[in-house]
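Visitor: Input: one structure, supplied below.
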Amino acid sequence: MFNPLHNDLTTTINSVLEDRTQLIEIIKNPASPEAKAVLNLANQVRLMMVGNDVHLRGLIEISNYCRNNCLYCGIRRDNSSLTRYRMTVAEIVATAQTGAGLGFKTIVLQSGEDPFYSAKMLAEAIEEITALGLVVTLSLGERHPNDYELWYQAGARRYLMRHETANPVLYQKLHPGQSLEHRIQLLKILKEIGYQVGSGFMVGLPQQTPEDLISDLELLKELDADMVGIGPFIPHPKTPLGVNSQGDLALTLLMVALARLTLPEALIPATTALGSIHPQGRELALQAGANVVMPNLTPVKYRSDYELYPNKICTNESATHCHGCITTKIYQLGRTVATDFGHNQKWLRRQNHA
Ligand code: SAH
């Protein structure tokens, strides 16, 4: 077994993750000294397992059309107050090229579930972006496995699709017409195709319990997620959950830290949602186990319309500005900006053994 973790550290990690009663207490008290100790431990594990590098991924939000009606999401089908947009393949590729010029090694294509794009159209975009020497990550939601297959053949190597919540009943309530079971099945198919697979969840969803959050970690472990995105739930006024309260900063940071302990080699972003609820949200996450940041590359004219939640940061800044601002923050933390592709190391080892 490949395990560079010092034995003592492994023992400490296990003592945190395996004592369920204690874990629930920590989750209930995310500002306690015990919780702070978990953040420090996660920071140590991060350094030991994935080093000091922070990986930058250029995010292009290609379309805000969505066929789904998720109760929390600002781009849900029923939000008629939103101006809808979708980028053409040429626009997507040109934007990726801008990203390459800024030094990004990975481009993330994200959208609502927009059936307007045929699998072939997106395969064309993926091929062209791959030909620029960039890695393509996709975050396009649920599609037919044949589409995932085609996009892998076109060159895409990572797929992000959060499980959102591991509580199947809550999942069902939040996602009309969808099921957790189906999502998990697709995540497993993505892994079988060969993708590095990203999952994750929101913290502070209405009715979410500490037990649910533990199930979220267990599901990430079961999926053997290569990437883990965790952010606070942020109520959007134009959604059915608009009057609910926002996810807690300290609890979200704690869950990021616990994700690092659960999957020591994972790529874990300091999410934009964390940066949106607190001015130092992303920096705090980078010191609690995170090692990825996803600056926004979406053309500014579309940005404010990709409003998953209100007060999303960086909606008025240019791609160049975002890149520069994030890079400065990373160096201020004593971290370095990665210059490699930033694949998951475990995935690379799997590739080499295949
Ligand atoms: N259609 C793609 C991309 C979804 S948007 C997919 O299904 O994967 C990306 C992420 O934004 C979602 O996975 C969700 O976790 C997050 N998100 C959406 N609305 C949010 C809100 N109100 N608060 C916090 N995060 C939200």
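Visitor: Filter the stretch 157-175 down to the residues that are more than 14 Å from the ligand (Cβ to nearest atom) and either closer than 29 Å to Pro210 by Cβ or in contact with a helix residue (DSSP H, G or I) (Cβ under 6 Å, 6 or more places away or on another chain) (or both) and list them by number. First the steps, then the outcome.
Guide: Going residue by residue through the stretch 157-175, those that are more than 14 Å from the ligand (Cβ to nearest atom) are 157, 167-169, 172-173.
Hits for the stretch 157-175 are Asn167, Pro168, Val169, Gln172, Lys173.
Visitor: Scan (1) in contact (Cβ under 8 Å) with a residue 60 or more places away in the chain; (2) closer than 20 Å to Arg158 by Cβ; (3) of a type outside the set (Gly, Ala, Ser) for the single condition Ile92 breaks and write down its number.
Guide: Looking at each condition in turn, Ile92 falls short on (1).
Visitor: Taking the stretch 235-256 as the region of interest, how many residues are near the ligand (Cβ under 9 Å from one of its atoms), open to solvent by 10 Å² or more (accessible area, probe 1.4 Å) and touching a strand residue (DSSP E or B) at 6+ places or on another chain (Cβ under 9 Å)?
Guide: Selection size over the stretch 235-256: 1.
Visitor: When you go through (1) in a helix (DSSP H, G or I); (2) open to solvent by 40 Å² or more (accessible area, probe 1.4 Å) one by one for Pro115, which number turns out not to apply?
Guide: (1)
Visitor: Give the residues of the stretch 302-333 that are open to solvent by 50 Å² or more (accessible area, probe 1.4 Å) and of a type in the set (Gly, Ala, Ser), sorted by residue number.
Guide: Ser304, Ser318
Visitor: Buried (at least 16 other Cβ atoms within 10 Å of the Cβ), within 25 Å of Glu113 (Cβ to Cβ) and in contact with a helix residue (DSSP H, G or I) (Cβ under 7 Å, 6 or more places away or on another chain): is that true of Thr272 in this structure? Don't jump to the end; show me each part of the working.
Guide: Details: buried (at least 16 other Cβ atoms within 10 Å of the Cβ): yes; within 25 Å of Glu113 (Cβ to Cβ): yes; in contact with a helix residue (DSSP H, G or I) (Cβ under 7 Å, 6 or more places away or on another chain): no.
In short, no.
Visitor: Then there is this: Only one of Asn52, Asn14, Asn29 is open to solvent by 20 Å² or more (accessible area, probe 1.4 Å), at pLDDT 95 or above, touching a strand residue (DSSP E or B) at 6+ places or on another chain (Cβ under 8 Å) and away from the ligand (no atom under 16 Å from the Cβ); which? Working first, answer last.
Guide: On the way: Asn14 fails: touching a strand residue (DSSP E or B) at 6+ places or on another chain (Cβ under 8 Å); Asn29 fails: touching a strand residue (DSSP E or B) at 6+ places or on another chain (Cβ under 8 Å).
The match here is Asn52.
Visitor: Kindly check whether there is at least one residue in the stretch 60-73 that is in contact with a helix residue (DSSP H, G or I) (Cβ under 8 Å, 6 or more places away or on another chain), away from the ligand (no atom under 16 Å from the Cβ), in contact (Cβ under 8 Å) with a residue 40 or more places away in the chain and not in a loop (DSSP other than H, G, I, E, B).
Guide: Checked the stretch 60-73: no residue is in contact with a helix residue (DSSP H, G or I) (Cβ under 8 Å, 6 or more places away or on another chain), away from the ligand (no atom under 16 Å from the Cβ), in contact (Cβ under 8 Å) with a residue 40 or more places away in the chain and not in a loop (DSSP other than H, G, I, E, B).
Visitor: Let me ask you something else. Scan Val108, Val93 and give me the residue that is within 15 Å of the ligand (Cβ to nearest atom) and either open to solvent by less than 20 Å² (accessible area, probe 1.4 Å) or at pLDDT 95 or above (or both). Lay out the reasoning, then the answer.
Guide: On the way: Val93 fails: within 15 Å of the ligand (Cβ to nearest atom).
Answer to the check: Val108.
The values are calculated or read from the model by the stated rules, or taken from the named source; none is laboratory data. Predicted, not measured: the structure shown is a model, and the values here were computed from it. Every residue, glycine among them, receives a Cβ derived from its backbone with ideal geometry; neighbour counts consider all protein chains shown. Remember, those area values only see protein heavy atoms, side chains included, never the ligands or the DNA or RNA. Shrake-Rupley method; radii C 1.70, N 1.55, O 1.52, S 1.80 Å.
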